[in-house]
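One structure below.
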């Protein structure tokens, strides 16, 4: 009798059958069962409006960093402002120890807020570029807070002209970035990313 070779050749005679879901199963191989095709979904490209918004956010981070650097060298100005406020108040004047404590607290708060500000700008830029829906909401809330903070700065007499200018520049950048986040192409991008991360 002649030898019979099964379809697939000698190399496949000793190979066990492979099933979908088993290790080594190749859904794209010839003869693969239907339904094994890849379900990967590619992220949509970042639209122009959102890219501009992200650039403005990084610009805001730079402005905040400049403000932080200025704060690092403004201990003397803070001391003078505290002394001036103490002399103008109708209450008892602050002692040297109380003035020193007030200066240290104000200086520390300024440093911490400056670091947080830079971090928030960078975080919002990265997360909005990634299409995170919550990041757009947070950025909007932060913009409203920046506007209120700037209005408060304009009404205070202790702020220097340069500090006031930086605050105004920061809030303008925040407003422009937020408006760009709500452009139609940006809104479509956020919707697509949300649907991609939460498929039905």
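Any read-out appearing in this document is the output of simple, stated calculations on the displayed coordinates, not a laboratory observation. A quick note: this is a predicted structure, and the numbers were derived from the prediction, not measured. Note that we place each Cβ from the backbone using ideal geometry, even for glycine, and neighbour counts take in every protein chain shown.
Residue separation times 0.36 nm, minus the C-alpha to C-alpha distance between residue 155 and residue 198: what's the value? Don't skip to the end; give the middle numbers.
On the way: separation 43, 0.36 × 43 = 15.48 nm, distance 4.59 nm.
10.9 nm is the gain from fully extending residue 155 to residue 198.
Run the simple label-point estimate for residue 42 and residue 85 please: 7 Å along Cα→C-beta, distance reported in nm.
With each label placed 7 Å out from Cα toward Cβ, I get 5.7 nm.
Using only C-alpha positions, report the orientation-averaged shadow area of the convex hull of region 145-200, nm², one decimal.
That works out to 5.0 nm².
Assuming R0 = 41 Å, can you tell me the calculated FRET efficiency for the pair residue 52 and residue 95, based on Cβ-Cβ distance, to the nearest 0.05?
0.20
Each label point is 7 Å from the Cα along the Cα-to-Cβ direction; what then is the distance between the points at residue 104 and residue 185, in nm?
Each label point is offset 7 Å from its Cα along the Cβ direction, giving 5.4 nm.
Note down, for region 86-179, the three equivalent ellipsoid semi-axes (square root of 5 times each alpha carbon gyration tensor eigenvalue), biggest first, whole angstrom.
Largest first, region 86-179 gives 34, 16, 10 Å.
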